[in-house]
Amino acid sequence: MSNYPEGVKEFWVYTGLRALLFLGSFALVLAVWLLVADTAELFFVAIIALVLSGIGSYFLLSAPRQAFARRVEQRAESAKIRFEERKARED
């Protein structure tokens, strides 16, 4: 068993996939912008890429997001049970 709390793996998988999706979106928007114009406004490229990656992650990353949410929910339920057990022992 690792020294990390439960759910850390799912968190990093989801976060990594979100970062890759943003970087891919950024590269795509930048490439299209440079094909249309000679220079690119990186601020606007980043904003457009952020919106596109957000929409894309909603559809493409639902499975990793749900796995992370399930793990967090399990951990919260486990903590609640431990709290109730401690509370019952004190009474």
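Just one residue in the set S25, S57, S78, S62 is in contact with a Lys or Arg (Cβ under 8 Å, 6 or more places away or on another chain) and not aliphatic (A, V, I, L, M); that residue is S57. Exactly one residue out of F26, F11, F43, F68 is part of a helix (DSSP H, G or I), open to solvent by 100 Å² or more (accessible area, probe 1.4 Å) and of a type in the set (F, W, Y): that is F43. Any chance segment 71-88 includes a residue that's touching a helix residue (DSSP H, G or I) at 6+ places or on another chain (Cβ under 6 Å) and not β-branched (V, I, T)? Scanning segment 71-88, I find at least one residue that is touching a helix residue (DSSP H, G or I) at 6+ places or on another chain (Cβ under 6 Å) and not β-branched (V, I, T), so the answer is yes.
For beta carbons closer than 7 Å, sequence separation of 6+ or different chains, a first residue in segment 23-47 that is at pLDDT 95 or above and a second that is surrounded by 15 or more Cβ atoms within 10 Å (Cβ to Cβ) and assigned to a loop (DSSP other than H, G, I, E, B), the qualifying pairs are L30/A40; W33/A40; L34/A40. Residues considered: S57, S78, S53. Of these, the only one that is of a type in the set (S, T, Y), under 16 Å from E10 (Cα atoms) and in a helix (DSSP H, G or I) is S57.
The values are calculated or read from the model by the stated rules, or taken from the named source; none is laboratory data. Please read all numbers here as calculations on a predicted model, not as lab measurements. Cβ atoms come from the backbone with ideal geometry, glycine included; neighbour counts cover every protein chain shown. In case anyone asks, the SASA skips ligands and DNA or RNA and just uses the protein heavy atoms, side chains included. Shrake-Rupley method; radii C 1.70, N 1.55, O 1.52, S 1.80 Å.
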